[in-house]
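Undergrad: Dropping a structure here in structure tokens format, bear with me for questions.
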Amino acid sequence: MKHSHARTLVVAITLLAGLTVAAMHGAIANENPNAFNRLMKPASERNAPPESDGIHDPTADGTMMLQSPREAFSNLPKSRSGNYVDWNRAIDDNLLSPRSDIRNADMNAIVLDLNIVREVKGSMPDVVYPHKQHTQWLDCSNCHPAIFIPMKGANQISMASILMGEKCGVCHGKVAFPVSECRRCHSKAKPIDQN
Amino acid sequence: MLFAAVVVVAVNSLPERAEAEYGDVVINELSDDAGMRPVVFPHWFHRIRFRCKVCHGDLGFAFKAGGNEINMVKIIDGQYCGACHDGDVAWSIENCELCHSGQPNTPTQVHHSTVQALINSVQNTEEDEEGVEE
């Protein structure tokens, strides 16, 4: 009997949540079809709280206990994509100091300040890969040698492979800033052709 | 009747409106079969507190959703999530629903990832083509 009550409650909540979403669909459909920025995710929908993010189950007790990313990001520097947080500036500006060790909060990251320039085909500016920003988060062994052979010219990289989640795409496009941020990597202008 | 309505609304509202955070990982290798909600791992929450290397180096998490054979026994024995979720560094495993909070039947994925977007667009195209044939 108790179980049946619980089920009715869950069904009612699910129905209510479903109707809310359906109402949202309706509201979107009735908007001006020529509204500005029609396909972009508006700022008001970014970093949605867990109970309305479409992946968490709003009927789970735990969902309501989770922090909303919007709240966590409120004092962090903004960026244009991904989480809409500039994670590296957050570290540089001492707004975040994520631990390098599970228990030892005083252990510092071993940072390597070394830029690698990759000359690229076509008209895009060359890629400057900064070890500094990467070693603030990662150990050498996270990338070398499994993902990148640590030798100049030894790694074939293409945008197609990155889009498919290989090479840089192991992180970029999944958790680090996505490939739509072209100029954050393609940042070094090619020498002007003298001919 | 009511149940059918709930199912229709639930299915319609699931995939396209998912606005979960970039990098959230859904892990549903064992959960659905075990009658638990899938796990939603919030990357953003963890990278605020730990550098990537802590989990992906020290704890041995592979850079791949579903690429680690995680189960509750390993977690209780201090492996993977259990290295922190031990009631000391972070809250312990009796808080089942804090992790197992995903919509049932959500497949393992990195949410909003480029790869996921490519897979979804292929699937949508296939569905559209099937619709035309009918």
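The values are calculated or read from the model by the stated rules, or taken from the named source; none is laboratory data. This structure is a prediction, so every number in the text was calculated from the model and none was measured. Positions of Cβ are generated from backbone atoms using ideal geometry, with glycine treated the same way; all protein chains shown enter the neighbour counts.
Undergrad: With respect to the numbered conditions (1) more than 9 Å from chain B (Cβ to nearest Cβ); (2) loosely packed, with under 13 Cβ neighbours inside 10 Å; (3) in a helix (DSSP H, G or I), which one is the sole condition not fulfilled by residue A:141?
TA: All conditions are met except number (1).
Undergrad: While we're here: Does residue A:90 satisfy the criteria of being in the same structural domain as residue A:176 (by TED's automatic domain parsing), of a type in the set (A, V, I, L, M, F, W, C), modelled with pLDDT under 95 and surrounded by 13 or more Cβ atoms within 10 Å (Cβ to Cβ)?
TA: no
Undergrad: Please go through segment B:69-89 and give me each residue that is surrounded by fewer than 17 Cβ atoms within 10 Å (Cβ to Cβ) and either in contact with a strand residue (DSSP E or B) (Cβ under 7 Å, 6 or more places away or on another chain) or assigned to a helix (DSSP H, G or I) (or both), ordered by number.
TA: Across segment B:69-89, the qualifying residues are B:72, B:73, B:74, B:76.
Undergrad: Can you name every residue in segment A:73-99 that is of a type in the set (Ser, Thr, Tyr) and touching an Asp or Glu at 6+ places or on another chain (Cβ under 9 Å)?
TA: Selection gives A:79, A:81.
Undergrad: Tell me whether segment B:103-113 contains one or more residues that are more than 7 Å from every other protein chain (Cβ to nearest Cβ), crowded, with 18+ Cβ neighbours inside 10 Å and under 25 Å from residue A:97 (Cα atoms).
TA: no
Undergrad: Evaluate segment A:57-77: report whether one residue or more is on the phi < 0 side of the Ramachandran plot and touching a residue at least 40 places away in the same chain (Cβ under 8 Å).
TA: Looking through segment A:57-77, at least one residue is on the phi < 0 side of the Ramachandran plot and touching a residue at least 40 places away in the same chain (Cβ under 8 Å).
Undergrad: How many residues are of a type in the set (D, E, K, R) and within 18 Å of residue B:95 (Cβ to Cβ) when one looks only at segment A:60-87?
TA: Selection size over segment A:60-87: 1.
Undergrad: Let me ask another. Return yes or no: is residue B:66 surrounded by 15 or more Cβ atoms within 10 Å (Cβ to Cβ), assigned to a helix (DSSP H, G or I) and touching an Asp or Glu at 6+ places or on another chain (Cβ under 8 Å)?
TA: Answer is no for this residue.
Undergrad: What residue, of A:158, A:187, is among the small types (Gly, Ala, Ser), in contact with a helix residue (DSSP H, G or I) (Cβ under 9 Å, 6 or more places away or on another chain) and away from every other protein chain (no Cβ under 11 Å)?
TA: A:158
Undergrad: Let me ask something else. Scan segment B:68-93 and report the pairs whose first residue is at positive phi and whose second residue is surrounded by fewer than 18 Cβ atoms within 10 Å (Cβ to Cβ) and assigned to a helix (DSSP H, G or I), with Cβ atoms within less than 7 Å and a gap of 6+ or a chain change.
TA: Final answer for the pair search is B:80/B:74.
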